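Notes for the one structure printed next.
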């Protein structure tokens, strides 16, 4: 790979990593948004994200309809990934204990690393797999608090939903490489249709609860601009043009950073399990990114 191509791959990976940073604020902003039910919150956040994309298209004097003229398979992949993931996640949380459901759902970064080996030009190396496994162990410690967990067969529906959640997002991320010619601006269209799908789901399963004060409204806007909106655009760039295996391993930093933010803001208390998880996730991310962190060899002129 040429030095120019390597630099481009690094930049795209860095852009994709910004999605992980944004996802780290998901728990805090969700807690700050008050009692807005999940599907209503999704409809609001996806509407903000798609509205922002449409505004940017108009400011650039581009016809928004041009960005929505996509092949059916691209629509199925994009909307299925964004809406399908969140729908499966909410179903898992409704029908299984949150710890077990979260742990199963957080298999998606590991699955990204594994599935990426099937992509043209990608090769799964031992340090990629070891880094992802270290990240998963760290995430498991973080989710469980170091305590033992037990999987109860009566919650099988929730476990299956959580498994679907992990499969949907990992498949969406890896398969996005096959539609790399589709610009990342198309994510605005995915968000728009996902918002439209979230509305009937909200009407069918939830009672409408609007934010009660300006702080809660600001939290909803922040969600739409960041972890449930803007992050999908930068993630799309990362998985299409960056090092997807490194991104998969680094994704375990999202629950870690989320916990750190909650500790710093007083929403949760620090513990040794958090420190242990921090060490494992950081070490795993550095191990997986070993190739990317190496300095490119100087170009040689003939």
#### Entry: Rel. contact order, % - alpha carbon contacts under 8 angstrom, at least six apart, the range 3-293
43
### Task
Treat the count of other C-beta atoms within 10 Å as a stand-in for reagent exposure and order 220, 239, 179, 58 from fewest to most.
58, 179, 220, 239
#### Entry: Rh by Kirkwood over Cα pairs, then Stokes-Einstein D for the chain at 1.306 mPa s and 10 °C, µm²/s
79
### Task
List 155, 202, 181 from most exposed to least, where exposure is judged by having the fewest other Cβ atoms within 10 Å.
181, 155, 202
### Message
So for each of 87-100, 126-139 I average, over its residues, the number of other beta carbons within 10 Å; can you give me the resulting order with the highest mean first?
### Response
126-139, 87-100
### Task
For the range 134-253, report the convex hull volume of the alpha-carbon atoms normalised per residue, in Å³, without decimals.
166
## Note on the structure
Most exposed to least, judged by fewest other Cβ atoms within 10 Å, 290, 61 sort to 61, 290
### Task
For an R0 of 22 angstrom, estimate the FRET efficiency from the Cβ-Cβ distance between residue 276 and residue 130 and round to the nearest 0.05.
0.80
### Query
Can you list the equivalent-ellipsoid semi-axes of the range 45-177, largest first and in whole Å, using the square root of 5 times each Cα gyration tensor eigenvalue?
32, 21, 14
### Per-residue [θ]222 nm for the chain (sum of -39500 (n - 2.57) over DSSP H runs n ≥ 4, rounded to 500)
-23000 deg cm²/dmol
#### Entry: Part-to-part distance (alpha-carbon centres) for the range 121-199 and the range 217-285, which is given in Å
13
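Restricting to Cα atoms and excluding each atom paired with itself, what does the Kirkwood estimate give for the range 102-177 in Å?
13.5
We did not get these values from a lab; they are worked out from the coordinates using the rules stated. Source: prediction; values computed, not measured. For neighbour counting, all protein chains shown are included, and Cβ atoms are generated from backbone atoms with ideal geometry for every residue, glycine included.
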